[in-house]
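Beneath this line is the structure, given in structure tokens, with notes to follow.
Every number in this text was worked out from the coordinates using simple rules, so none of it is lab data. Everything numeric in this text was worked out from a predicted model, so none of it was measured. Every residue, glycine as well, gets a Cβ built from its backbone with ideal geometry; the counts of neighbours run over all protein chains shown.
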Amino acid sequence: MKFNVMVEGFISAIDAAASAATKGTLRDFQEADRITISSTNDDIIVSAFGGRLGIKTTVSNNIFANLNYHCKNEGKVTVNAKDMMKVLESFIPEETVIFQTKKNTDSSNIVNELCITMLNDAEQYQTLPCYDTHVNLPEVASSFLKTIEIGKDAFIYGVNKVIFAAGNERTKPLYLNVLLSSSDDEIKFSAGTGSRHVLLYMDGKKIVKANPKKTSILIPKDALSVFTHVLNNVKSDVITIKESDRKGNAPFQIVVECGEQQMVLVGLDSSLKWVDESPILDIDYPNKFVTRLSDWSYASKGTHATFNEQFKREGSIHKAQLDIDLAKKQLFVKTNAAMRSSRKVTIIDHKFGDESEVDYSCVSSYLQEISSIVDNDEGFVQIELMKATKPIIVYHYASKKITEDTNDIRKEDEGNGFSERLIMIFGTYSS
């Protein structure tokens, strides 16, 4: 194998495969950390598979800028992904280098090596040992039951908005995922832990195309972090997400295609079914109030300040008490641990149908997320509650006055041609 490329373009070309080879891989999987580079006269195919996520990238001068690929001899080589990236980063980005496989003539046990040499200075080079075997990508299914087509930027935005809310407990595998679901001209991203969920609805004409029209696909959060990283560097504006038929020889899988990238995710548990949050949202909550978003920022920081190292060592749940004083139009956020706090959140507007229920207790970190979930502290949130044993709902992008139809609580994004609703649901501590 022998070909010339510009360093800058080739780093961009193999970045996706390097991510798949090194992130979210199965422990002790033999092909983890490896990438296979196959050069032909027309293009290069770069592939990686870490046991769960496989990536195949088609690399050519028409797709990648600053590549200047020229093949002299076709061939295939497999090397360590991390070593490859470090080697490439040791050259000036504008440098043209020669990739060539060679027999190693020294006394080591390495039979073959990949040599990367400066085109204009043959005395400067780097070598990498080659593996005897190549990366084997999982077989791509030929039949798919579900397909979602969505704008790349909308997908990345939605994932980044909710992925923080996904769970971390391996004993609760369902919540290690993010749900992507479509309905007419709407796409919804959902993530949560069972006790706290975040939902983002984005709707607009042509924002999503799905088959069937109402489609849900559950995607592991560790794979999503790789997907968004890869897609940020892809020129194509649209991505296609497909879930395979559970029948056939190929494993149950999710395939993501965007431009030159094809990503195949296997090792999935097809029995997992996401919980339906709509029954909670459909409840007519008697108690509603509107506050400034910025008030929660400082109140929650004060609460979090009491969650010190001593308390963490005790291993107890850090609780916050919400005491509502309707006469003063104030909500007091209190903690009563070794370090105590009492902070105020001003109630701008309220409607209370059950004034006997004015005290609530919850996990303190949920309150901090009320303001951190958005890009800035401007605007208002509408909070709805009922009995102290029932969940609390926070609607972002609220107005100063109570909005009776919560479907109207949304932010318009005229530039991107869609509107969004951002909702947080969390349980009270006694629920």
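Calculate the FRET efficiency for Asp42 and Val238 from the Cβ-Cβ distance with a Förster distance of 22 Å, rounded to the nearest 0.05.
Values: r = 24 Å, r/R0 = 1.11.
According to the calculation, E is roughly 0.35.
Which order results if Ile98, Ile239 are arranged by neighbouring Cβ count within 10 Å, fewest first?
On the way: Ile98 17, Ile239 23.
Result, fewest neighbours first: Ile98, Ile239.
Explain nothing, just the number: relative contact order of the chain, from Cα pairs under 8 Å at least 6 residues apart, as a whole percent. Please report the intermediate quantities before stating the final value.
Details: 999 pairs, mean separation 54.7, N = 431.
Relative contact order comes out at 13 percent.
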All aspartates and glutamates inside 16 Å of Lys206 as judged from Cα atoms, apart from same-chain residues fewer than 8 positions distant: Glu149, Asp153, Asp184, Asp185, Glu186, Asp237, Glu412, Asp413, Glu414, Glu420
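FRET efficiency for Thr346 and Asp269, Cβ-Cβ distance as r, R0 = 56 Å, nearest 0.05? List each step's numbers first, then the result.
On the way: r = 46 Å, r/R0 = 0.82.
That gives a FRET efficiency of 0.75.
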MRE, 222 nm, helices only [DSSP H, n ≥ 4, -39500 (n - 2.57), over the chain, to nearest 500]: -5500 deg cm²/dmol
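Using 28 Å as the Cα-Cα cut-off, could you pick out the over-long pairs in Lys312/Lys344; Lys172/Lys205; Lys72/Lys242; Lys161/Lys400; Lys214/Lys351; Lys172/Lys344? Kindly include the intermediate steps, with their values, before the conclusion.
Numbers: Lys312/Lys344 25 Å; Lys172/Lys205 36 Å; Lys72/Lys242 37 Å; Lys161/Lys400 24 Å; Lys214/Lys351 35 Å; Lys172/Lys344 35 Å.
With Cα atoms farther than 28 Å apart: Lys172/Lys205; Lys72/Lys242; Lys214/Lys351; Lys172/Lys344.
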Phi to ³J(HN,Hα) by Karplus 6.51 cos²θ - 1.76 cosθ + 1.60 over segment 194-209, Hz, x for Gly, Pro: x, 9, 8, 10, 10, 10, 10, 9, 10, 9, x, 4, 6, 6, 8, 10
Prolate/oblate/rounded label for segment 278-412 (Cα gyration tensor, a/c 1.5): prolate
Cut-off 13 Å (backbone N to label point 7 Å along Cα→Cβ of Ala122), residues of segment 58-102: 98
Label corresponding to Rg/Rh (Cα atoms, Kirkwood Rh) when calculated from the structure given, among (1) 1.07; (2) 0.95; (3) 1.66: (1)
Peptides 361-371, 168-178 ordered by average Cβ neighbours within 10 Å, highest first: 361-371, 168-178
Angle between the chain longest axis and helix 152-162 axis [Cα atoms, degrees, rounded to 10]: 50 degrees
Point-to-point label distance, Ala305-Asp245, nm (Cα→Cβ direction, 7 Å offset): 6.2 nm
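Could you put Phe49, Phe252 in order, starting from the residue whose Cβ has the fewest other Cβ atoms within 10 Å? The partial results should precede the final answer.
Details: Phe49 26, Phe252 17.
Sorted ascending by nearby Cβ count, the order is Phe252, Phe49.
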Pair Asn211, Ile283: separation of 7 Å Cα→Cβ label points (nm): 4.0 nm
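Full-extension gain between Cys115 and Ala338, please, as 0.36 nm times their residue separation minus the C-alpha to C-alpha distance. Write out the running numbers ahead of the final one.
Details: separation 223, 0.36 × 223 = 80.28 nm, distance 6.19 nm.
Extra length from Cys115 to Ala338 when fully extended: 74.1 nm.
Once the mean 1/r over all distinct Cα pairs of segment 2-129 is inverted, what Kirkwood radius in angstroms do you read off? Write out the running numbers ahead of the final one.
Details: mean 1/r = 0.0674 Å⁻¹.
About 14.8 Å for segment 2-129.
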Peptides 69-79, 50-60, 391-401 ordered by average Cβ neighbours within 10 Å, highest first: 50-60, 391-401, 69-79
Where labels lie 7 Å past Cα in the beta-carbon direction, separation of Phe164 and Asp377 in nm: 1.5 nm
